[in-house]
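**Student:** Structure in structure tokens, see below.
The values are calculated or read from the model by the stated rules, or taken from the named source; none is laboratory data. Just so you know, these numbers come straight off a predicted model, no measurement behind them. Positions of Cβ are backbone-derived with ideal geometry, glycine not excepted, and every protein chain shown enters the neighbour counts.
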Amino acid sequence: MRSTSARAQAARIYQKGGFALGGADPVAYFEEGRARRGSSAHRADWNGAVWLFVDARNRDRFIADPEAFAPQYGGFCAWAAARGYAASTIPEAWAIVDGKLYLNYSRRIHRSWERNREADIRSADENWPNIF
């Protein structure tokens, strides 16, 4: 059996505790404007990871268009990706920019990312394909 970090690298999706985004519902960021823990009763497999949702509606919306809700850089830290490496994230350090979800390692790192986010997004977009 491979470790969670090995699975995360293979799928390029940040996983904690066996779940994408550590079990946070990606649709809730868009619909409720906050991080919410999903339930194992409402789950979906996508892109090599198990995603949890607060309800069947959010799960079904994700399944219909996962690219619309999945976080950028596989849910790894946007600030770190801008600097050329992958780092874990927490559900509470997030932003939606131009309809895309970005997560960061911590609230402190998130504040740093917010100060230079357009340049960091450009750098991360360029770096992401080569990080793994």
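**Student:** Look at Arg117 and say whether it is under 17 Å from Gly23 (Cβ atoms), at pLDDT 95 or above and among the basic types (Lys, Arg).
**Tutor:** No, not satisfied.
**Student:** Right, next: What single numbered condition from (1) surrounded by fewer than 17 Cβ atoms within 10 Å (Cβ to Cβ); (2) over 14 Å from the mean Cα position of the chain (by Cα); (3) more than 18 Å from Lys16 (Cβ to Cβ) fails to hold for Val97?
**Tutor:** (2)
**Student:** Which residues, counting only those in region 107-127, are crowded, with 17+ Cβ neighbours inside 10 Å, among the hydrophobic types (A, V, I, L, M, F, W, C) and within 15 Å of Val97 (Cβ to Cβ)?
**Tutor:** Trp113, Ile121, Ala124
Here's the yes/no breakdown for (1) in the same structural domain as Val27 (by TED's automatic domain parsing); (2) farther than 17 Å from Tyr14 by Cα:
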residue	(1), (2)
Ala44	yes, no
Arg59	yes, yes
Ala64	yes, yes
Ala87	no, no
Asn104	no, no
Arg111	no, yes
Asn116	no, yes
Asn130	no, no
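**Student:** If you scan region 26-58, which residues turn out to be within 22 Å of Ala81 (Cβ to Cβ) and either assigned to a strand (DSSP E or B) or not hydrophobic (A, V, I, L, M, F, W, C) (or both)?
**Tutor:** Pro26, Tyr29, Trp46, Asn47, Gly48, Ala49, Trp51
**Student:** Asp45 fails exactly one of the following numbered conditions: (1) without any contact (Cβ under 8 Å) to a residue 24 or more places away in the chain; (2) closer than 22 Å to Trp128 by Cβ. What is the number of that condition?
**Tutor:** It fails just one condition, (2).
**Student:** Could you list, in sequence order, all residues of region 46-69 that are buried (at least 20 other Cβ atoms within 10 Å of the Cβ) and of a type in the set (Gly, Ala, Ser)?
**Tutor:** Answer for region 46-69, where residues must be buried (at least 20 other Cβ atoms within 10 Å of the Cβ) and of a type in the set (Gly, Ala, Ser): just Ala49.
**Student:** Taking Arg61 as the residue in question, decide whether it is basic (Lys, Arg), part of a helix (DSSP H, G or I), in contact (Cβ under 8 Å) with a residue 12 or more places away in the chain and more than 18 Å from Gly22 (Cα to Cα).
**Tutor:** Yes, satisfied.
**Student:** Additional query: Which one is surrounded by the fewest Cβ atoms within 10 Å (Cβ to Cβ) among residues in region 30-45 that are touching a helix residue (DSSP H, G or I) at 6+ places or on another chain (Cβ under 8 Å) and under 20 Å from Ile90 (Cα atoms)?
**Tutor:** So, considering only residues that are touching a helix residue (DSSP H, G or I) at 6+ places or on another chain (Cβ under 8 Å) and under 20 Å from Ile90 (Cα atoms), the one surrounded by the fewest Cβ atoms within 10 Å (Cβ to Cβ) is Arg34.
**Student:** Next up: Restricting to region 79-132, name every residue that is in a helix (DSSP H, G or I) and touching a Gly at 6+ places or on another chain (Cβ under 7 Å).
**Tutor:** Asn127, Ile131
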